[in-house]
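Input: a single structure, listed below in structure tokens.
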Amino acid sequence: MMMSDPLTGGRLTIDLNAISANIRHFQDVLGPHCAVAGVVKADAYGLGLVPVAQTLRACGVKTFFVATPDEGVTLRGLFPGAENIAVLGGLYPGAAQDYRAHRLTPVLNDLGQVSAWRSFAAGAPCILHIDSGMNRLGLDAADRAAILDDPTRLTGLNLHLVMSHFACADEADHPMTARQFTLFDDVARRACPGVPRSIANSSGAMRLQSYHLDMVRPGMAAYGLNPTPETANPMAPVIRLQVPVLQVRTVPAGDSVGYSATWRAEAPTRVATVALGYADGFLRSFSGRGVLYANGVACPVLGRVSMDLVTVDAGAVPGLKPGDMLDVVGPGQGVDDLAAQAGTIGYEILTSLGARYRRTYVHPGIQAGLASEK
Ligand SMILES: *Cc1c(COP(=O)(O)O)cnc(C)c1O
């Protein structure tokens, strides 16, 4: 079994080749008339903004979505050229000057932002977000009625895209998806004729061809999560996470393990203590529920997850010893499987990945087994 890195313990391998394969899968299915944007908010879902954005760029991606202007400024540092960097959070109050200085494209979320951008940066590109039912960001019912009533409210804007966002596309045939599409299609056609349109996230792009429009915005699927949870995952897995065993002991019958003594041995039990805790993003809600794998053999979490440590049942792996690596994410289970054990979603597992792992990027020209540091 592979030995741990002597100083860092946990090892996180991020396969950039798999991200490329996932993006190319979308490009192949969509054809040349539909653009594939890169969604790289939250440090590219925790996988690293710079290496991930470079990978997407090498696949031909030219439009990138971030959440905050700050993320956009970082990305502009990487791409000083014509790449389009769009800020989903909208036009942050007081930040218009910075958007213009760094050529960030605001995703305008209400008519106040529309007039602010028009008076401040007339001619600079922007995106209009039509809310079609999320009730989170985007033009609400009153704003939608206002632009339909008086389309001149949008004149003077250099609109690169009009977009909306699905709430339930991860569920096959959810009726809200079709309703959102119809509402968006109607508003976009009447208020922004001729402007390119986009509504589909990863799941939306997998549902109906008519949802593709001029651009799709896949995030999670590019990062290996399953956009169609009712079927086997069509995407290539992107991460592997391995953590070292620190100590193995036999806990006598009647003894408890961990904080609050929530697990008690009914019979003598081999327990491995592993360098992994909630400070690494291994959520405390995996207590008594998560499973790690030793060469494909399941080792269920016993008792509470603590900050830096977790204890697992090593009874099925007699030879397990300190320094051996257990898989948290790997051949035994994917990110989505792991998420389900804690009652959460793969997105939260990825964006919680801790800073203490030794990160290794597999990139073009380098095979997974020979990954180099980057
Ligand atoms: C995060 C996000 C996406 C990507 O969603 P996935 O489900 O990860 O594909 C697309 N569009 C918007 C507006 C988003 O906020």
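Please tell me if Met134 is within 16 Å of the ligand (Cβ to nearest atom), farther than 27 Å from Ala44 by Cα and without any contact (Cβ under 8 Å) to a residue 60 or more places away in the chain. So Met134 does not fit the description; no.
Among the residues of region 207-239, just one is away from the ligand (no atom under 11 Å from the Cβ) and part of a strand (DSSP E or B), namely Ile239.
For first residues located in region 90-107 and farther than 13 Å from Val66 by Cβ, partners that are of a type in the set (S, T, N, Q) and part of a loop (DSSP other than H, G, I, E, B) and lie 6+ apart or on another chain with Cβ distances below 9 Å form the pairs Leu91/Asn109.
Contact map, region 248-260: first residue over 17 Å from Ala316 (Cβ atoms), second residue open to solvent by 80 Å² or more (accessible area, probe 1.4 Å), Cβ cut-off under 6 Å, separation 6 or more or different chains; pairs are Pro252/Pro268; Ala253/Pro268; Ser256/Arg264. The residues of region 143-180 that are within 14 Å of the ligand (Cβ to nearest atom), touching a Lys or Arg at 6+ places or on another chain (Cβ under 8 Å) and small (Gly, Ala, Ser) amount to a single one, Ala169. Looking across region 139-184 at every residue that is at pLDDT below 95 and of a type in the set (Ser, Thr, Tyr), the one that is nearest to the chain's Cα centre (by Cα) is identified as Thr155. Can you confirm whether region 252-260 contains a residue that is assigned to a strand (DSSP E or B) and of a type in the set (Asp, Glu)? Checked region 252-260: no residue is assigned to a strand (DSSP E or B) and of a type in the set (Asp, Glu).
Restricting region 175-230 to residues that are of a type in the set (Asp, Glu) and free of Cβ contacts under 8 Å to residues at least 60 places away in the same chain leaves a set whose member that is nearest to Asp336 (Cα to Cα) is Glu230. For Gly315, state whether it is part of a loop (DSSP other than H, G, I, E, B), in contact with an Asp or Glu (Cβ under 9 Å, 6 or more places away or on another chain) and not aliphatic (A, V, I, L, M). When the stated conditions are applied, Gly315 does not pass them. Name the residues in region 257-271 that are touching an Asp or Glu at 6+ places or on another chain (Cβ under 8 Å) and buried (at least 19 other Cβ atoms within 10 Å of the Cβ), would you? Residues satisfying the conditions are Thr269, Val271. Annotation: of all residues in region 20-45 being touching a Gly at 6+ places or on another chain (Cβ under 8 Å) and of a type outside the set (A, V, I, L, M, F, W, C), the one that is most open to solvent (accessible area, probe 1.4 Å) is Lys41.
The values are calculated or read from the model by the stated rules, or taken from the named source; none is laboratory data. Fair warning: this is a prediction, and the values are worked out from it, not measured in the lab. Counting neighbours? That spans all protein chains shown, and the Cβs are built from the backbone with ideal geometry, glycine included. These area figures cover heavy atoms from the full protein model, side chains too; ligands, DNA and RNA do not enter into them. Shrake-Rupley method; radii C 1.70, N 1.55, O 1.52, S 1.80 Å.
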